[in-house]
1. Mind listing just one residue for me: the one in region 109-130 that is touching a strand residue (DSSP E or B) at 6+ places or on another chain (Cβ under 7 Å) and either of a type in the set (D, E) or buried (at least 18 other Cβ atoms within 10 Å of the Cβ) (or both) and, of those, modelled with the highest pLDDT?
2. For region 169-212, which residues satisfy the criterion of being modelled with pLDDT of 90 or more and assigned to a strand (DSSP E or B)?
3. Taking region 232-253 on its own, how many of its residues are assigned to a helix (DSSP H, G or I), open to solvent by less than 20 Å² (accessible area, probe 1.4 Å) and either within 21 Å of K117 (Cα to Cα) or in contact with a His (Cβ under 6 Å, 6 or more places away or on another chain) (or both)?
4. Identify, please: which residue in region 131-168 is of a type in the set (G, A, S) and at pLDDT below 90 and is, among those, farthest from V75 (Cα to Cα)?
5. I'd like to verify a number: residues in region 154-175 that are within 18 Å of the chain's Cα centre (by Cα) and surrounded by fewer than 20 Cβ atoms within 10 Å (Cβ to Cβ), how many?
6. Filter region 177-231 for residues that are small (G, A, S) and surrounded by 24 or more Cβ atoms within 10 Å (Cβ to Cβ); which is farthest from the chain's Cα centre (by Cα)?
Amino acid sequence: MSQPPSNPYPGSYPPPQQQPGGFQPPQQPGPQQGGYPPGQPFGAEAGQPGYGAPAGVPPKKKSSVGKILLIVLAVVVVLCVGGGTALYFATKDKVTEVVGATKTRLTTPDTLAGRPKVSDPQLQTAAEQMVSEMKKDVPDATSTVGAFYGNPEKQDLVMVGGVSGLIADPKKELADATAGLSTELGVASFKSADAGPLGGDVQCGDGKADSVPVGVCVWADRGSLGVIVLYFKSGADLQKEFATMRGQIEQKG
């Protein structure tokens, strides 16, 4: 009796059990490889498995804190790049302006416009890293601030970041900062806003980090450059509280 051909479908792919060409049966999960932590594979997004995610296992949902942290790097980069070239003496400046600017300091109050400092460890760590980076990249700064206030679970959260020191051209630094934040946070346009009793120049706009809307206001004066971000709200919402917040952060003389 003749034997059946080894491949009953000539010209087609070989039978599945042969698995040539590098296609192997699914492997059982083994030890974690690479530098990505278990349960959070590279490329994972909310609602989608990342590369290497086991089939049928729902990915971890991105937390609100994760979205909030997307803004921190953008703010640090803008303040460090702008501030690093701005803090120096200009002998042509008026003596009174120079003296006043050198006395400007930024502080982190216990509460900001009625909001307490956040207790979330991730946000506290992010704030500390923000300050550390600004101190490293703007060594001539007389003070630096980075902090979060409010309650992210109630969608009431504010982030502040800033540096103080003698700024030769506040308008240029403001323009550079808003240009950077327009790119990083998708702010379509910044508009001039009331600077309040501390003076200087202020511009505010609407941005977004991932799916989180944010109101952004940037200020610059002879002694400081800073930004306030109000999460889950608009620039118009932030403007209503901006003068109060800045007054609690910036101290002159």
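The values are calculated or read from the model by the stated rules, or taken from the named source; none is laboratory data. All values reported here derive from a predicted model rather than from experimental measurement. Glycine also receives a Cβ, built like all others from the backbone with ideal geometry; neighbour counts cover every protein chain displayed. We work out accessible area using only protein heavy atoms, side chains counted, and drop any ligands, DNA or RNA first. Shrake-Rupley method; radii C 1.70, N 1.55, O 1.52, S 1.80 Å.
1. L112
2. K191, S192, D201, V202, Q203, C204, G205, D206, G207 - these are the residues of region 169-212 that are modelled with pLDDT of 90 or more and assigned to a strand (DSSP E or B).
3. Total satisfying the criteria: 5.
4. As a first pass, look at region 131-168 and keep what is of a type in the set (G, A, S): 132, 141, 143, 146-147, 150, 161-162, 164-165, 168.
Keeping just the survivors that are at pLDDT below 90 gives 132, 141, 165, 168.
Values: S132: 13, A141: 16, G165: 18, A168: 21 Å.
Looking at residues that are of a type in the set (G, A, S) and at pLDDT below 90, I get A168.
5. 2
6. G223
Residues are listed down the side, and each one gets a yes or a no for (1) at positive phi; (2) touching a Leu at 6+ places or on another chain (Cβ under 7 Å):
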site: V145; (1), (2): no, yes
site: G150; (1), (2): yes, yes
site: G205; (1), (2): no, no
site: P213; (1), (2): no, no
site: I228; (1), (2): no, yes
site: G247; (1), (2): no, yes
